[in-house]
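Scroll down for the structure; my scribbles are underneath it.
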Amino acid sequence: MSKLRFAILVLAIGCSGSAVAQTTDPRGACKTDYDKYCAGTPPGGGRVVACLNKQQHQLSDACRQVLASRKKQ
């Protein structure tokens, strides 16, 4: 999965449920966190989400909320 696909995925996650009000970044709530903590993680198979979850305490509030809402589905 390319970085463009990842950005689209993050945007889709960011637009789900209450997360829409959480971010004004059109690339998604986790883009900065991905770039900072998981840029070397190859996309696919849930590896990026797993990487972000491992960094849970360091993530931005918006990204944490998007990941939490994703778990509820």
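Key figures for this structure:
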{"quantity": "Pair list, Cβ under 8 Å, 6 or more apart: segment 34-46 residue touching a residue at least 40 places away in the same chain (Cβ under 8 Å), other residue loosely packed, with under 10 Cβ neighbours inside 10 Å and part of a loop (DSSP other than H, G, I, E, B)", "calculated": "43/2"}
{"quantity": "Helices (runs of 4 or more DSSP H) (entirely within the chain) containing at least 2 residues that are surrounded by 15 or more Cβ atoms within 10 Å (Cβ to Cβ) and at pLDDT 75 or above", "calculated": "31-37, 47-54, 61-72"}
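The values are calculated or read from the model by the stated rules, or taken from the named source; none is laboratory data. Given the structure is predicted, the values throughout are model-derived calculations rather than measurements. All Cβ positions, even for glycine, are placed from backbone atoms using ideal geometry, and neighbour counts span all protein chains on display.
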